[in-house]
Amino acid sequence: MLVQSMIDTLPADIVVDDPDIVAAYARDQSKFTDGGMPFAVLVPRTTAEVSVCMAAAHRHRVAVVPRGAGSGLSGAANATAGSVVLSLHRMNTIREIDVANRLAVIEPGVITADLRARVSEAGLFYPPDPGSVEFSTVGGNVATNAGGMCCVKYGVTGDFVLGLEVVLADGRVLRTGRRTVKGVAGYDLTHLLVGSEGTLGVITEITVELLAAPRPAQTLVASFPTLDGAGRAVAEITSSDRTPSMLEILDRTTVLAVDRMSKMGIEPGTAALLLVQSDDVDAEVVLASIDSMCSQHGAVDVVVSADQGEAALLLEARRLALPALELLGDWLLDDVAVPRSRVTDLIASIETIAEEAGLTIGVFGHAGDGNLHPTIIYDDADADSRAAAMSAFDAITRRALELGGTITGEHGVGRLKTGWLTIEHDETSMAVQRSVKDALDPSGILNPGAVLR
Ligand SMILES: Cc1cc2nc3c(=O)[nH]c(=O)nc-3n(C[C@H](O)[C@H](O)[C@H](O)COP(=O)(O)OP(=O)(O)OC[C@H]3O[C@@H](n4cnc5c(N)ncnc54)[C@H](O)[C@@H]3O)c2cc1C
């Protein structure tokens with residue numbers, strides 16, 4: 001057997017073949033995605049060991065699925081039958097924090113929250129903050145170009161990646177990027193690899209840019225009796241010169257679920273809740289201006305706080321959004337993005353889709369950058385309910401495209417949305433993407449079935 005012959009060439013202490021452990025690496029956190037049982041899990045500790053693994057896989061034509069923490073929601077880290085999973089979790093050293101040049105050099109298995117904490121001890125700031133910050137890896141964040149709540153002001157993970165070390169499909173080691181603030185030498189291979197979901201190479205080192213630590217944020221929460229009012233407020237905030245460091249929205253269904261769970265006493269009749277933060281030097285002025293924009297557009301209850309403890313309580317509604325919706329049944333979380341001015345058009349369409357399908361769909365997400373997470377509640381044990389959930393999921397994705405949006409804002413294509421990729425991108429774009437894949441992975445061993453079918 002080819003895969004066994006390949007494994008026989010590797011150091012025994014980086015191969016895990018205990019079936020129970022191997023099974024735990026078979027899937028990520030997604031629903032409705034294909035996958036199969038891997039043959040083994042490889043757990044290298046160094047770039048040299050990753051290179052040995054890839055060279056062996058290349059020679060034996062064995063499929064390799066790179067994996068961080070497996071927290072993905074699109075099936076991108078799902079194994080295929082007979083593949084090997086290459087888990088980077090043992091490569092978890094922060095190699096360098098260069099305060100003078102405001103950068104850090106890290107291994108891919110570092111947990112994002114650990115990097116943020118270490119950088120903060122040095123008086124600096126690494127902004128990317130996906131909801132999975134406490135357990136996802138920076139390697140996985142780079143490979144999915146993860147977003148989070150900070151994106152409205154600071155951007156996505158890729159905006160902080162200066163350079164990478166990557167092991168290619170045949171085992172060669174590629175270094176991309178730079179340590180300088182500027183640099184335009186050659187094609188931008190760094191950002192070709194960012195978001196490539198383990199299909200173009202295995203990331204073994206990451207150089208990230210850091211910022212000066214911001215001031216503690218001040219917080220505003222506004223409840224709107226109409227969705228339309230919240231939409232107009234979002235459009236005015238995002239087109240003004242007052243950029244918040246967070247601008248999140250919860251729809252009526254999510255607000256009700258959160259209130260039922262937490263007994264927070266959220267204003268009854270709330271159709272949408274906006275949660276806003278500013279960490280600017282003049283945060284008070286920024287929030288006063290956003291307060292008046294919200295009030296002008298009909299907000300009935302606006303609370304502003306500079307107190308960190310109180311702010312944490314105010315933000316609790318956002319933190320509880322998914323856990324509260326989870327209590328309603330099985331859930332399928334979508335991830336679409338639309339132009340910021342169309343956020344509430346999408347939410348209104350989702351209300352119609354939910355009504356027509358007879359399903360509960362809660363919507364929350366990053367209003368400030370147009371990225372929403374409609375969460376479809378269904379019964380996994382009931383085939384009809386599963387089918388209805390999948391068809392609502394498709395209807396939402398289609399609607400996002402009709403509104404000028406994209407099929408995924410941050411979770412990636414994975415195995416969940418490969419069909420949709422060919423709808424969003426035209427033939428020329430798909431042909432160029434296939435050429436890139438063929439150039440970097442000619443025998444198609446890296447994460448086959450993810451992103452491109
Ligand atoms: C509760 C919850 C909240 C979440 N919130 C957010 C959010 O706010 N924003 C967001 O963007 N996502 C979010 N996610 C999704 C997920 O956490 C992100 O996609 C995250 O970036 C995945 O990181 P990971 O280490 O778990 O990677 P994995 O899931 O293991 O892998 C993800 C992809 O990256 C590839 N990969 C991993 N490591 C490497 C590497 N070293 N080299 C090459 N390829 C690699 C894998 O092959 C796969 O294609 C959330 C998930 C959960 C469960």
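The values are calculated or read from the model by the stated rules, or taken from the named source; none is laboratory data. What you see is a predicted model; the values in this text were computed from it and never measured. Cβ sites come from the backbone with ideal geometry, for glycine too, and all protein chains shown count toward neighbours.
For region 93-130, what are the residues that are in a loop (DSSP other than H, G, I, E, B), within 25 Å of residue 49 (Cα to Cα) and free of Cβ contacts under 8 Å to residues at least 40 places away in the same chain?
Within region 93-130, 93, 110 meet the criteria.
Just one of 56, 48 is in contact (Cβ under 8 Å) with a residue 40 or more places away in the chain and outside any loop (DSSP other than H, G, I, E, B); which is it?
Testing whether each residue is in contact (Cβ under 8 Å) with a residue 40 or more places away in the chain and outside any loop (DSSP other than H, G, I, E, B) leaves just 56.
Taking the criterion of being of a type in the set (Asp, Glu), surrounded by fewer than 20 Cβ atoms within 10 Å (Cβ to Cβ) and either under 22 Å from residue 450 (Cα atoms) or more than 14 Å from the ligand (Cβ to nearest atom) (or both), would at least one residue in region 132-152 satisfy it?
No.
I need a count of the residues in region 228-283 that are among the hydrophobic types (A, V, I, L, M, F, W, C), farther than 22 Å from residue 129 by Cβ and in contact (Cβ under 8 Å) with a residue 60 or more places away in the chain.
Summing the residues that are among the hydrophobic types (A, V, I, L, M, F, W, C), farther than 22 Å from residue 129 by Cβ and in contact (Cβ under 8 Å) with a residue 60 or more places away in the chain in region 228-283 gives 7.
Is it the case that residue 185 is within 13 Å of the ligand (Cβ to nearest atom), at pLDDT 95 or above and part of a loop (DSSP other than H, G, I, E, B)?
no
Mind telling me which of the residues 219, 204 ends up being within 16 Å of the ligand (Cβ to nearest atom), over 19 Å from the mean Cα position of the chain (by Cα) and buried (at least 23 other Cβ atoms within 10 Å of the Cβ)?
It is 204.
If the requirement is being within 30 Å of residue 333 (Cα to Cα) and more than 8 Å from the ligand (Cβ to nearest atom), which of these qualifies: 103, 115, 124?
115
For region 401-432, how many residues meet the condition of being outside any loop (DSSP other than H, G, I, E, B) and within 16 Å of the ligand (Cβ to nearest atom)?
Total meeting the criteria: 3.
With the condition kept exactly as written, say whether any residue in region 371-379 is out of contact with any Pro (no Cβ under 7 Å at 6 or more places or on another chain), within 19 Å of residue 275 (Cβ to Cβ), without any contact (Cβ under 8 Å) to a residue 24 or more places away in the chain and not aliphatic (A, V, I, L, M).
No; the residues of region 371-379 include none that is out of contact with any Pro (no Cβ under 7 Å at 6 or more places or on another chain), within 19 Å of residue 275 (Cβ to Cβ), without any contact (Cβ under 8 Å) to a residue 24 or more places away in the chain and not aliphatic (A, V, I, L, M).
Output the residues belonging to region 22-65 that are touching a helix residue (DSSP H, G or I) at 6+ places or on another chain (Cβ under 7 Å) and within 11 Å of the ligand (Cβ to nearest atom).
44, 64 - these are the residues of region 22-65 that are touching a helix residue (DSSP H, G or I) at 6+ places or on another chain (Cβ under 7 Å) and within 11 Å of the ligand (Cβ to nearest atom).
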